[in-house]
Amino acid sequence: YVDRLERVIAEAVGRGDLPKQDTHRVARSLMALLEGAVLLAKTRDDPEVLAGLGDDALRMLGVSVQTR
């Protein structure tokens with residue numbers, strides 16, 4: 001999944017949709033964020049752990065996220 005995600009991030013960087021960055025590192029970090037959040041949600045039996053995951057991922061990609 002990291003390789004696929006890296007390709008998508010690289011395409012977005014190439015189009016100028018995302019700032020220039022180490023696409024492999026960011027892809028690995030995003031997968032770690034997702035896997036860790038899912039693990040916590042399962043072990044705590046609390047799907048609310050996943051709340052905000054999308055905004056966190058966008059921040060890791062360098063996208064400005066408005067607070068709600």
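The values are calculated or read from the model by the stated rules, or taken from the named source; none is laboratory data. Model, not experiment: these values are computed from the prediction. Note that each Cβ is placed from the backbone with ideal geometry, even for glycine, and that neighbours are counted across all protein chains shown. Quick note on the areas: whole protein, heavy atoms, side chains included, nothing else; ligands and nucleic acids left out. Shrake-Rupley method; radii C 1.70, N 1.55, O 1.52, S 1.80 Å.
Figures for the structure shown
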| item | result |
| --- | --- |
| Test: D3 is at pLDDT below 95 and in a helix (DSSP H, G or I) | no |
| Test result for D17, charged (D, E, K, R), more than 12 Å from the chain's Cα centre (by Cα) and open to solvent by less than 100 Å² (accessible area, probe 1.4 Å) | yes |
| Output for region 35-54, where each listed residue is assigned to a helix (DSSP H, G or I) and over 21 Å from Q66 (Cα atoms) | E35, G36, A37, V38, L39, L40, A41, K42, T43, R44, P47 |
| Yes/no for E35 being within 23 Å of R4 (Cβ to Cβ), loosely packed, with under 13 Cβ neighbours inside 10 Å and free of Cβ contacts under 8 Å to residues at least 40 places away in the same chain | yes |
